[in-house]
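A.B. asks: One structure coming up, written as C-alpha cells, with questions to follow.
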Amino acid sequence: MSLRDELLKAGLVSADKIKQLESDARNRQHQNKKSKSLAAEDAARQADARRRAEAEATRKREQDRRLNQKREAEKQRREQAARARQMIDGHRLNEPEAEQRYNFQDGRFVRSIRVTPAQRKALAAGRMAILRGYRGEFDFPLVPREIALKLSEFVPERVLLLYPESSGDEAEDEWGDW
C-alpha cells in the first residue's frame, strides 16, 4: 500500500485533494519535459543568432577595411597631386617673352608652346621637359629634367615630353640652321 492510500484511509486527505496533487505532478513532469525541449530549442536559436551576429560583424569589419583602404588611397592620391602641383609651380621655367613656337604631341593632338632658343636646345637635348599643368587645358609648363623624372615616379600622366638626355650637339648638327 502506498502512502497516498494510507493517508486516504486515515482520512487525513480527501480524494479530490489526491486527484489535484496527481494532476499537478503530471503537469510539472510535462512542463519539465517541455522546458527541456524548449531549452534545447532556445539554445539552438541563441547559437544561430550568435553565428549570424559574428558573420555580420565579420562582414562589417571587411566592409570597413575596404572603405578605409579606399579613403587612404584617395588621400594618398590627393597628397601626390598636391605635391606634383607644388613641384610644377615651384620649378616652372616658362618665359612670357619667349617668341619661338615649339610643337609637340599631346595624345592625338599637336600642341605648341612658346620657348626661347636656349629652352628649345634644352628640350631637344633632354635637359628640360614639357608637363601637363594644373592651371588649365592649355597649361604646359617647362621644367628641368630632374623634376620631370621625380614627377614621373608618382604622376607619370603629367609628363608629356621628355627626350633621352644627350649632350645637345647632335641636335644642333641634325637640324642645322633651321
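The values are calculated or read from the model by the stated rules, or taken from the named source; none is laboratory data. These numbers come from a predicted model, not from an experiment. Neighbour counts run over all protein chains shown; Cβ positions are idealised from the backbone, glycine included. When the accessible area is computed, the model is the full protein with side chains, heavy atoms only, and any ligands, DNA or RNA have been set aside. Shrake-Rupley method; radii C 1.70, N 1.55, O 1.52, S 1.80 Å.
A.B. asks: For the structure I just gave you, tell me whether G90 is touching a residue at least 24 places away in the same chain (Cβ under 8 Å) and within 41 Å of the chain's Cα centre (by Cα).
C.D. replies: So G90 does not fit the description; no.
A.B. asks: Right, next: Among A118, A98, which is surrounded by 11 or more Cβ atoms within 10 Å (Cβ to Cβ), at pLDDT below 90, of a type in the set (A, V, I, L, M, F, W, C) and not in a strand (DSSP E or B)?
C.D. replies: On inspection, the qualifying residue turns out to be A98.
A.B. asks: Somewhere in the range 132-146, is a residue more than 26 Å from Q76 (Cα to Cα), open to solvent by 60 Å² or more (accessible area, probe 1.4 Å) and in contact with a helix residue (DSSP H, G or I) (Cβ under 9 Å, 6 or more places away or on another chain)?
C.D. replies: No, the conditions are met nowhere in the range 132-146.
A.B. asks: Kindly indicate the residue of the range 125-134 that is of a type in the set (G, A, S) and modelled with pLDDT of 90 or more and also farthest from the chain's Cα centre (by Cα) among those meeting that condition.
C.D. replies: The selected residue is A125.
A.B. asks: Of all residues in the range 132-163, how many are touching a strand residue (DSSP E or B) at 6+ places or on another chain (Cβ under 6 Å) and among the hydroxyl-bearing types (S, T, Y)?
C.D. replies: Qualifying residue count for the region: 1.
A.B. asks: Could you identify the single residue in I18, I88 that is in a helix (DSSP H, G or I) and within 30 Å of A122 (Cβ to Cβ)?
C.D. replies: From the options I18, I88, the qualifying one is I88.
A.B. asks: Taking the criterion of being among the aliphatic types (A, V, I, L, M) and under 30 Å from D5 (Cα atoms), would at least one residue in the range 19-34 satisfy it?
C.D. replies: There is at least one residue in the range 19-34 that is among the aliphatic types (A, V, I, L, M) and under 30 Å from D5 (Cα atoms).
A.B. asks: Condition first: open to solvent by less than 100 Å² (accessible area, probe 1.4 Å), over 50 Å from the mean Cα position of the chain (by Cα) and modelled with pLDDT of 85 or more. Now tell me which residues in the range 22-57 satisfy that.
C.D. replies: Within the range 22-57, E22, S23, D24, A25, N27 qualify.
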